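The block underneath contains the structure these notes are about, expressed in structure tokens.
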Amino acid sequence: MLRRLYDAVITLSEKKSAPWYMGAVSFAESSFFPIPPDAMLVPMALARPDRAYFFALVCTLASVAGGLAGYAIGALLYDSVGLWIVSLYGYHTKLEAFRAAYTEWGAWIILIKGLTPIPYKLVTIASGFSGFNLFWFVVLSTITRGIRFFLLAFLLNRWGDAAREFIERRLGLVTAALAVIVVAGFVIAVKVI
């Protein structure tokens, strides 16, 4: 099943609509969706290393736009939609402490957590909930998400063929390692937030 999914994303990367699908995943991940855009960015950049930077740009812009939707959920709909999303991840009891930390460390929280496997939607919702400055939220989100996606694009563009060969030979192992990283991000978030 994993091989078919991987092959489907590789095949998708050849289609003109591929960036739209990846953009939709990037947008949704920043506000409510649990799967990070890396799941599409990596195979698409491996299939088309010449378009890796374009794919990173799409991920960055869509992620920041999705971050604005997450910010709006936190600012305008926290008591309904925002609380429900945050509760899905088990953070509803710690959000007040997170909100207080935003008063002093908001910019650093956005920059650091935007690079980690900690779900970015929690940062976007908490930013809106805490009333973090919207202009700086957009600037910092663009920086942190851009660094994350463009660094990945650089690595895949530079070592794409070798990385593709390694990943395709060890797809199960690579997927398991990525799953461990994502789970570790959730665990760290629970401890930190």
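The values are calculated or read from the model by the stated rules, or taken from the named source; none is laboratory data. Just so it is clear, the structure is predicted and the values come from calculations on it, not from any experiment. Positions of Cβ are generated from backbone atoms using ideal geometry, with glycine treated the same way; all protein chains shown enter the neighbour counts.
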Return yes when VAL187 is modelled with pLDDT of 65 or more and assigned to a helix (DSSP H, G or I) and no when it is not.
-> no
List the number of the failed condition for PRO36; all other conditions in (1) in a helix (DSSP H, G or I); (2) modelled with pLDDT of 75 or more; (3) within 18 Å of the chain's Cα centre (by Cα); (4) surrounded by 17 or more Cβ atoms within 10 Å (Cβ to Cβ) hold.
-> (1)
When you go through (1) at pLDDT 90 or above; (2) surrounded by fewer than 17 Cβ atoms within 10 Å (Cβ to Cβ) one by one for GLU165, which number turns out not to apply?
-> (1)
